[in-house]
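**Q** The structure under discussion is supplied below as structure tokens; questions concerning it will follow.
Every number in this text was worked out from the coordinates using simple rules, so none of it is lab data. Since the structure is predicted, the reported quantities are computational estimates derived from the model, not experimental observations. Cβ coordinates were reconstructed from backbone atoms using ideal geometry, including for glycine residues, and neighbour counts include every protein chain displayed.
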Amino acid sequence: MLFAVFLTTLQSFAQEREITGVVVDDNNMPLPGVNILVKNTTNGTVTDFNGEFSISVSEENPVLVFSSLGFQKREISAGDRSSLNVTMATDMESLNEVVVTALGIEREKKALGYAVQEVQGEELMEGNQPNVVSGLQGKVSGVTIANSGGAPGSSAVILIRGGSSITGNNQPLIVVDGVPIDNSTSSSLEVASPNRASDINPEDIESISVLKGPAAAALYGIQAAEGAVIITTKKGKAGRSTISYSGSLSFDEVLGTPNVQDMFGQGRELVTEEGLSYDSDSEFSWGERLSSGIQTYNHIEDFYNTAITQNHNVSYSGGSEKSQIYLSIGDLSQEGVIEGTNYDKTSFKINSTSQFNDNLTVGASANYIVTDISSTKQGNASGSSFSSLLSYPINVDISDYLNDDGSQKMIYQDQMFDNPYWSIQNSPNTNKVNRLIGILSINYNFLEGFNLSYKLGTDYYDEFSKRITGDGSLIENREDGYISQTERNHRRTTSNLILSYEKDLSEDFDISALVGNTVEDLEINSVYATGRGFLAPGIYSIGNVLQENQSISEVITRKRTVGVFGELKLSWKDALFLTATGRNDWSSTLPEDKRSFFYPSIGASAVITDLFKDAGNDITSENGLTFLKLRSTWAKVGKDAPIGALESSLGTNINGLASSAYTYNGVNVGNPNLEPEFTDSYEVGLDSRFFQNRLGLDLSLYYSESDNQILRDIRVPPSAGTFYATLNGGAIINKGIEAMLSVRPLSRESEFQWDMNFNFGLNQSHVEDLPGQLNEVYLSDSWTFNSTAAGAAILDGSLFGLRGNRPVTNENGQVVVNSNGLPSLEAAVFDNVNRIPDWTLGISNSMSYKNLNLSFLLDFVQGQEVYNATESALAYYGLGANTVDRGETIVIEGVDVDGNPNTTEVLKDQSYYQNYYSRNAENFIEDASFVRLRYVTLSYNLPESFLESLSILSAQLNITGRNLFTITDYSGVDPEVNTFGAGIAGAGSMGIDNLGTPNTKGVDIGLRFKF
């Protein structure tokens, strides 16, 4: 008996064998802690720090099951093999269950009562956009992004669920690794300026969470009334050290140029008793019809070149179980489509984390960025390239701009504008920024369930901007040169202290709570200097200007915000959640007795499928419902006043846009009785998934009302006793629908993979109320060519409306025509114009087969209007294609002063186009709905068998096409336009096309590898 047992034991040992191997992720990085189990047994093991494992098996053909949080489970039949190399794919459905929320806190997505959408770093990079904000276009529901043109380094505006402020900031808070950073934009009235979030290198980003609306960002307080964009950067990973490289070479050209007439040359019309004649001594194109054979030029089209961009990034990642480090260097060198313009950015980043014991973790990171921009003037600015191009008729050779003595050649007597090619060589505009973002974090676990975390962050940069008009200029009062420069030091320091607690009260009930304190100091020191007349030609320095011709001023602004906050979350059976938050802020920009204000939020979510399952009634199935969650939230958030809004002051201002750069005495009107403005928001939604997560729908409905608006420096009726005022008043209502539909047609086991995402957003930003008798609030910075229109918030209309010139009408709405056959024009509001989309839909597709990957994004933007001031300028100068009907007559529909139908004919001549047609804003308001193929990217992963011999872990070749086609009825170059950029707050300048550099289309060729 004993002998038989002994033989059986020997036999079993003889049948056992060892299987070893290594488990890696998609990037060929070792995966520690992977669970490995022999199927249908309790025999198992886990991978070690290097992803290696060893397991004894006795089965003839064992099946090993590999599982790890965040990765797709794999079952592998080992057969008679003794070694296995296993790659585990990322499980996107699983990863999305945990998202980064306010203050960098990770939360289970099912516990949230509000909408949060996450974009992974790989998705962000698919369109190869150097600006982080632009990379989010079409990828997040309810988010509107408007680029300001194709000039290198130009800004992008981001709006989440419309806007809530008439004159204040409507963009969300940008947070990097738990610390808010600056995303301001300098004025783009003269030159294109970047939004400061573009300083962040997209290659350093791990993921972005978009917190939509006040509820999601309640813990951030006044800074996040418009939501928050939470950026998590890459960190070092334990295990094998790796070095990664990514590089691309890009070729860009403008999307197009305006259509211009090629029939009439230089001159202006002279109407006398003898008839019509022409004077060729003019900058206009209202001259005689050109004879055949005369050389003509398309100056606008010829002005733009093909631009080349190089982008190189190198990073290192490595570490042990206790300490990890990430290092990166990025260099972007972007040429502009205009000769002499460029945008260079170099960034250095280090991110380290060290665990000193089981309870204490310390992290430190630093990001140093240097940007250098060279640009040309734009828009209405004196010396604007586009304005100058319009002043050169088609029969004048614009490239012949120098006399024999080197001076600038005039095309007519008393010319007072510069040749754009001369300006490129002699009137440089530069901007240089040195920026440091530093973060220190400490995380300490103590007792049971308690955690204390502290973050100290600083965002510091110095900016030096210089704008030059060279000596030899033809611009009035700038013949001897002109300089305008700004030196700015910006420092923002943030301190966050959070104490949190988590405990399981029972088998069914859990509780988590946190309390915290935030202190933020902001200081901006700006020195402005201007000078006229350079002593020594060609030396563009303020020191090269006589002291009596200089003007220097300094402005120091400071702000401090202190906040305390708390959050309490209760959960039942990990399926029913209730969360309440409260925050109190004290702001130095408000009156002392009104600096303190409190705002709460409360939200709930219920995982319906889990609740039914707990009740013994499982409503899920493999071919039906997989997951269903309902959520709702109410939140209130406050917003303080701009710096300096309490005090009134007299000052000397400089109008740098005018040719004479005149000074004038200005009044900064403050209000010592300002109160904070508040936004109440309501949101309900659902998160549902079907067919084992192959179909998902996330739906949100929201409503918010922002009242007691802080209106800064607005124009008021003279009856108020002043022209400007700063006051509280007005209400904005935003309501809308957001939907994200994800579709995976094929199972994960298929060799061919296809993922589709549909991001839909519908929003209305309605001006419900304005103070007093105001029916509009407009922003003077958004005035267009010839002051024909400007962006405005319109009472009972859109926050993003328009005011401008239009014909006078009678009480019946009929146009009143004068005896000369033309109506008079008056300044009025357009209450039916909305310059942001009614709805947007972004459709992204990602397909892969073996080593080939294809992704593309199709963007639908519908229901927006654009004011085409560029076309107005073309008509004024006589270059517009529609001015070829000059000499014909027209009868304008309307009535005379007695109410009779108008029958008076009007000649379409220079006077008609310059004094009526080009100044009538109604002629240039267009539907700018469009469909655009944002990008198409094709990539190929080189085979591992080939890379092994080169000691390379992974390598990829890719090619991307950007803005490949656009379908639109808009007559201008690009329906997606925002000439004045993100520097204009409130109603902004979205949907205003005013003599800016057109957006670009291009091709990128890229290479990535890791070893």
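**Q** Treat each spin label as a single point 7 Å out from the Cα along the C-beta direction, and report the Asn584 to Asn668 distance in nm.
**A** Here the answer is 3.2 nm between the modelled labels.
**Q** Still on this model: Could you tally the net charge around Gly149, taking each other residue with its Cβ under 11 Å from the Cβ of Gly149, Lys/Arg +1 and Asp/Glu -1?
**A** Details: positive: none; negative: Asp974, Glu976, Asp993.
Within the 11 Å Cβ shell, the charges total -3.
**Q** Between beta-carbons, use under 13 Å as the cut-off and find the net charge around Val370, counting Lys and Arg +1, Asp and Glu -1.
**A** Here the charged neighbours net out to -2.
**Q** Amide H neighbours of Ser323 under 5 Å, counting only residues 5+ apart in sequence or on other chains, H built in-plane at 1.01 Å?
**A** Placed amide hydrogens put Gln355 under 5 Å from Ser323.
**Q** Divide by every residue of the chain the summed helix terms, -39500 (n - 2.57) for each DSSP H run of at least 4, and state the resulting mean residue ellipticity at 222 nm, rounded to the nearest 500 deg cm²/dmol.
**A** Computed mean residue ellipticity for the chain: -1500 deg cm²/dmol.
**Q** Counting only other residues whose beta carbon sits under 11 Å from that of Val100, what net charge do I get with K and R as +1, D and E as -1?
**A** Working: positive: Arg107, Lys109; negative: Glu106, Glu118, Asp177, Glu206.
Its environment carries a net charge of -2.
**Q** While we're on this one: For the chain, with only Lys/Arg (+1) and Asp/Glu (-1) charged at the beta-carbon, what is the dipole magnitude about the Cα centre, in debye rounded to 20? Intermediate values should be presented prior to the final figure.
**A** On the way: 67 positive and 124 negative charges, 532 e Å.
Taking the Cα centre of the chain as origin, the dipole is about 2560 debye.
**Q** Using unit Cβ charges (K, R positive; D, E negative) and no other charged atoms, how large, in debye to the nearest 20, is the dipole of the range 307-444 about its Cα centre? Write down the numbers at each step before the final one.
**A** On the way: 7 positive and 13 negative charges, 147 e Å.
The dipole of the range 307-444 has a size of about 700 debye.
**Q** Same structure, new question: From the phi angles alone, apply the Karplus equation (6.51, -1.76, 1.60; θ = phi - 60°) to the range 522-531 and give each ³J(HN,Hα) in whole Hz, x where the residue is Gly or Pro.
**A** 10, 9, 10, 10, 10, 10, 10, 9, 10, x
**Q** Sort 998-1008, 900-910 by the packing proxy (mean of other Cβ within 10 Å over each peptide's residues), most packed first. Write out the running numbers ahead of the final one.
**A** Details: 998-1008: 19.5, 900-910: 15.3.
The most tightly packed comes first, giving 998-1008, 900-910.
**Q** Under a 5 Å amide H to amide H cut-off, with H placed in plane at 1.01 Å, what residues pair with Leu402 once short-range neighbours are removed?
**A** Residues meeting the criterion, in which the H sits 1.01 Å from N, are Lys409.
**Q** Which entries in the list Lys139/Lys235; Lys110/Lys613; Lys109/Lys322; Lys237/Lys1010; Lys110/Lys322; Lys73/Lys235 go over 19 Å, if you measure between the two C-alpha atoms of each? Numbers along the way, then the final one.
**A** Details: Lys139/Lys235 24 Å; Lys110/Lys613 16 Å; Lys109/Lys322 28 Å; Lys237/Lys1010 14 Å; Lys110/Lys322 31 Å; Lys73/Lys235 25 Å.
Over 19 Å Cα-Cα: Lys139/Lys235; Lys109/Lys322; Lys110/Lys322; Lys73/Lys235.
**Q** Could you go through the range 828-835 in sequence order and give the Karplus-derived ³J(HN,Hα) for each residue, using 6.51 cos²θ - 1.76 cosθ + 1.60 with θ = phi - 60°, rounded to whole Hz, and x for Gly and Pro?
**A** Per-residue couplings from phi come out as 8, 9, 10, 6, 9, 9, 9, 8 Hz.
**Q** Right, here's the next one. From the phi of every residue in the range 257-268, what ³J(HN,Hα) in whole Hz does the Karplus formula 6.51 cos²θ - 1.76 cosθ + 1.60 yield, where θ is phi - 60° and glycine or proline is x?
**A** 9, x, 6, 10, 6, 10, 10, 10, x, 5, x, 10
**Q** Helix 2-15 against the longest principal axis of the chain: what's the angle in degrees, Cα atoms only, rounded to the nearest 10?
**A** That helix lies at roughly 20 degrees to the long axis.
**Q** In debye, nearest 20, what is the charge dipole magnitude of the range 677-747 about its Cα centre with +1 on Lys and Arg Cβ and -1 on Asp and Glu Cβ, if you could check?
**A** The dipole magnitude comes to about 340 debye.
**Q** Cross-link partners among aspartates and glutamates for Lys636, C-alpha distance below 14 Å, same-chain residues fewer than 8 apart left out?
**A** Glu226, Asp585, Glu677, Asp680, Glu683, Glu705, Asp707
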